Amino acid sequence: MGHRTPLAATLAANSISTAGTSLTLIGVPWFVLETTGSAGRAGLVAFCATLPIVVAALIGGPFIDRIGRRRVAVASDAVCASAIAAIPLLHFAGVLDFWMLCVLMAVNGFAHTPGNTARYVLIPDLAAHAGTTIARAASLFDAVSRGARMVGAAVAGILIAFVGAETALLVDAATFAVSALLIAAGVRGIPAAEPRKAEAPVSLRAYGTELREGYAHLLDNRLLLAIVVMVMFMNGTDQGWYAVLLPVHAEAELGGATAIGLLTAMFGAGGLVGALLYGAVGHRFSRRAVFTVCVILCGAPRFLVAAVTGTTPPLAVTMLLGGIAGGVLNPILTTVIYERVPDRLRSRVSGALTAGCEFAMPLGGLAAGLLVEGAGATGALLAMGGVYFLATLSPLVFPSWRTLDDGPVAEDAHGPGVEEREGPEGPDTEGREGPGARERERPDAEGGRLGKSSVPPAGTRVSSPAPSRPSPGP
């Protein structure tokens, strides 16, 4: 049981943190609408909250390795607890200006991203330490996150309705503190969680080299690149949905914050069911076939239903079914990414993946606010739903998605070298030299098993994923 403690502590910390995320996800937009009455300002706050997430992801990978994943996770949660707690405390004191809210949300986004990445990239090592498979740990990681999101959303709706958004934010700050304590106490004795000795002295040049290695690995893998582009558009429109469109629709048509909590909880409940189903039986089916169907069903329908109906039940059913489909996606993407990124590059590539997957999130919230004020809520819902639908057609259009069912990639035992792709005609000689090059192994009849490589968006929560504390995925 002692070997399972670090994995259990990380899962518990992530679930508590994710439950708190739901409080912020619902509480901050509602707080802005209550205090300003402006969808545009709600979109601006969302922009300020998510732009630093992208910046932190762009530059944070090598930093996580040098400081240590455990230390980064703990420090990140401590800073976020302070930033979120400051919002209601300043409001109660009567000194909270709008620009202060924007700054505090920016600090929260910038500080949380490294910690979120640090927990995420530890999962393969914690799974090995606990004696379980990466696929099972990835499914469990996503399942507990979605379950926590479901509970957090329901609690958020109740708290906002009865005691106000300010109290909900104080509870969120407490979840950051609990998450920090769990990681500090529970994740000990894991070499991958500790600082890594730098291969070169600390300098801007060395840091830049390490940063480029992560991006080079991402750009060299067409499947990972296709995942990033698709999830980028999905996360952008999702941000518009949760930060602006759903609060505006709930205020005008559905009766208030309680409906937001119910709908978000329904999506989380569906996500939990989907993740557990995939963890139990998903390995029996083609990843690509399952992923293609589920990604089309997970998001776009809710925009359409919200645009054509003004009642809660139809949208609740749509959110539940969309959540089930969405719950299947992250375990697939997480497993694929773990399989294709060697351990020594995991933090750097994960940072690059997070940055790419969340690149459109700042614009998503801002665009949604502007669309509501310019074209009305219905026009904004249809426009952003159309973008979401077109993005999810990617697996049907681009050939790189055909490799989704390929087996794992083993890290070259000799370090950087020539990449060899094993195919029906033998090795492909078109590999290229460079950092992080690897050798692809043919999968066995059951899809192959990981060798000594491991591999993480968005996250996207690929997460990210989700925000805000994004997951690397939808």
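Each value in this text was obtained by applying a stated rule to the coordinates, not by laboratory testing. Quick caveat: nothing in here was measured; it's all calculated off a predicted structure. As a convention, Cβ positions derive from the backbone with ideal geometry for all residues, glycine included, and neighbour counts pool all protein chains shown.
Things to note:
- Pair Thr35, Ala252: separation of 7 Å Cα→Cβ label points (nm): 2.4 nm
- Contour excess over end-to-end distance, with Cα ends at Arg188 and Arg212 and 0.36 nm allotted per residue: 5.6 nm
- Positive minus negative residues near Leu320 (Lys, Arg vs Asp, Glu; Cβ under 13 Å): +2
- Distance between modelled label sites at Arg288 and Val317, nm, 7 Å Cα→Cβ extension: 3.4 nm
- Value of D in µm² per second that Stokes-Einstein yields for region 1-124, Kirkwood Rh from Cα pairs, at 4 °C (1.567 mPa s): 83 µm²/s
- Using a Förster distance of 45 Å, the FRET efficiency for Val103-Thr132 (Cβ separation, nearest 0.05): 0.60
- Across every direction, the projection of the convex hull enclosing the Cα atoms of region 338-385 has a mean area of 4.2 nm².
- Val95-Glu373 FRET efficiency (beta carbon distance; Förster radius 41 Å; 0.05 resolution): 0.90
- Added length on full extension, which subtracts the Cα-Cα distance from 0.36 nm per residue, Phe398 to Leu219: 62.9 nm
- A simple spin-label model places the labels of Ala8 and Leu181 1.8 nm from each other, with each point 7 Å out along Cα-to-Cβ.
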